1. Scan the range 165-189 residue by residue and report those that are open to solvent by 10 Å² or more (accessible area, probe 1.4 Å) and more than 10 Å from the ligand (Cβ to nearest atom).
2. Can you tell me which condition HIS113 does not meet? The list is (1) closer than 29 Å to ARG172 by Cβ; (2) more than 15 Å from the ligand (Cβ to nearest atom), and all the others hold.
3. Looking at the range 130-156, which of its residues are of a type outside the set (Lys, Arg) and within 17 Å of ASN96 (Cα to Cα)?
4. Evaluate the range 115-136: report whether one residue or more is touching a His at 6+ places or on another chain (Cβ under 7 Å), among the β-branched types (Val, Ile, Thr) and open to solvent by less than 50 Å² (accessible area, probe 1.4 Å).
5. Select from the range 129-177 the residues that are without any contact (Cβ under 8 Å) to a residue 24 or more places away in the chain and not in a loop (DSSP other than H, G, I, E, B) and list them in ascending order.
6. Could you give me the residue pairs with C-beta distances under 7 Å whose first residue belongs to the range 18-33 and is within 16 Å of GLU209 (Cβ to Cβ), whose second residue is assigned to a loop (DSSP other than H, G, I, E, B) and of a type in the set (S, T, N, Q) wherever it lies, and which are 6+ apart or on separate chains?
7. If a residue must be closer than 30 Å to GLU83 by Cβ and not hydroxyl-bearing (Ser, Thr, Tyr), how many such residues does the range 10-54 contain?
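The values are calculated or read from the model by the stated rules, or taken from the named source; none is laboratory data. Predicted model, so just to flag it, every value in this text is computed and none were measured. Heads up, the Cβs are rebuilt from the backbone with ideal geometry, glycines too, and the neighbour counts pull from every protein chain shown. SASA here: full protein model, heavy atoms, side chains in, ligands and nucleic acids out. Shrake-Rupley method; radii C 1.70, N 1.55, O 1.52, S 1.80 Å.
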Amino acid sequence: MHQQIHPGVVVLTGAGISKESGLHTFRDPDGIWARYDVEEVATPEAFRRNPALVQDFYNARRRQLRSPEICPNPAHLALADLERRWPGEVLMVTQNIDDLHERAGTRNLIHMHGELLKARCARSGRVYERLGDIKLEERCPCCNLAGTLRPHVVWFGEMPLEMGRIFAALGRCDLFIAIGTSGQVHPAAGFVEEARRGGRARTVELNVEETAISPLFHERVTGAATRIVPEYVEKLLSRH
Ligand code: BJW
């Protein structure tokens, strides 16, 4: 009997998918890096130099994420629908530290740049759920030391999470979709080339504008994520 092999999909999302939920991107004119110096808040050196500033930056973003007006938008919901209805494997890889994909119902998800609603002990590496502020004087539950708890996020110069699983999925996928990411931060910016390496994967970019890596994709769809992602997902599902 002939067994049908269903195509595998890897979806990479960036800050653009959460913009219409009310969370700022980084590099747009109204983005986070227009108001904060990346060197002051998103490097391990910054945390060593001025932990109060770094904790304030993430505490404020954690409070915003937990406010009632922030919720998943139709793009997050459409991707959860894709995972539920697609006959093959779907791996969602997000650079976002928000939890909007989970809240939309996505299950097979990797947060390659960490999670805002988690804290990590810099000494033991243990990770804890964290819904409120991380306070400077707070002691970690594992070592009972003050000042070791940090946001569970990946700063510049640090290794993104679960790279082995991500590269394995890119190597075997048939379709790679990048949504709302500027393609300026590595290693995520190189995923499209990794997916194409075997010569099998079709690659599609969904973004409101052209990006640094647009020429590397087979297909581009231009528009706001809340419109183009549900449309694209419906088209994909209707073909399979
Ligand atoms: C919409 C929309 C709508 C808007 N609808 N779309 C020189 C060359 C190459 C690499 C390096 C280099 N020097 C240093 C490096 C490495 C460095 C790097 O890439 N630097 C570059 C800036 C040059 N990378 C690292 O250090 C990483 N680690 C690393 O490389 O380890 C070694 C390693 C080697 C080999 C393999 C594996 C590892 C770590 C990077 C950590 C990034 N951290 C941050 C902050 C932490 C989390 C947080 O605070 O939130 O992560 S930086 C920030 O950028 C954040 C994001 O996840 C990340 C990506 O941003 P994203 O998502 O693309 O957002 P934007 O704002 O850039 O773009 C938004 C897009 O949406 C735009 O295109 C809009 O048009 C679009 N859009 N509205 C659809 N409605």
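1. Selection gives ARG165, ALA168, GLY171, ARG172, ASP174, LEU175.
2. HIS113 satisfies all of (1) closer than 29 Å to ARG172 by Cβ; (2) more than 15 Å from the ligand (Cβ to nearest atom) except (2).
3. Within the range 130-156, LEU131, PRO151, HIS152, VAL153, VAL154, TRP155, PHE156 qualify.
4. Scanning the range 115-136, I find no residue that is touching a His at 6+ places or on another chain (Cβ under 7 Å), among the β-branched types (Val, Ile, Thr) and open to solvent by less than 50 Å² (accessible area, probe 1.4 Å), so the answer is no.
5. Selection gives GLU129, ARG139, ALA146, GLY164, ALA168.
6. LYS19/THR25; GLU20/ASN73; ARG27/SER182; ARG27/GLN184; GLY31/THR25
7. Qualifying residue count, the range 10-54: 18.
So that you can scan it fast, the table gives a plain yes or no per residue for (1) within 12 Å of the ligand (Cβ to nearest atom); (2) modelled with pLDDT under 95; (3) not in a loop (DSSP other than H, G, I, E, B):
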| residue | (1), (2), (3) |
| --- | --- |
| PHE47 | yes, no, yes |
| TYR58 | yes, no, yes |
| PRO68 | no, no, no |
| ALA78 | no, no, yes |
| VAL93 | yes, no, yes |
| ALA119 | no, no, yes |
